[in-house]
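Where a number appears in this text, it was derived from the coordinates with a stated rule and is not lab data. In this text the structure is predicted, and so the values were computed from the model without any measurement. A quick note on method: Cβ atoms are made from the backbone with ideal geometry, for glycine too, and the neighbour counts reach across all protein chains shown.
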Amino acid sequence: MTRQIAFIVLFAGLLQAGALAQTPRMNGARQARLMNLSGEERARLQSAHLAALRDPALRQSRERFQQAKKEYRDKLRDALLKADPAVQPIIEKVRRQRRDER
């Protein structure tokens, strides 16, 4: 129990300092919503989030979601190229930019 309290206090401090407030994929609106929470609320939410991510059913659901998202992007790309084959270099440029941002 003391370890959990120590973790929560440390985590809350890091969040308030901004060290964990922004991940590379977190947009400004999400960050703002989290910063409106108290340190204790953010720590509690993070703890629950980490516990939920360990759930095998949730992992399977996320894998299906990622696969569906990939299928959608592939079909969208094919439809874009069918509508206008000249957008191929533009699509590749956007892909390179996104890869570089990661």
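Taking 0.36 nm per residue of separation and subtracting the Cα-Cα distance, full extension of the segment from Ile91 to Asp55 would add 9.4 nm. Across segment 56-102, the volume of the C-alpha convex hull divided among the residues equals 57 Å³ per residue. Take the Cα of Glu63, step 7 Å toward its Cβ, do the same at Met35, and the gap between the two points is 3.8 nm. For Lys70, the aspartates and glutamates whose Cα falls under 20 Å of its own Cα, not counting residues fewer than eight places away in the same chain, are Asp78, Glu92, Asp100, Glu101.
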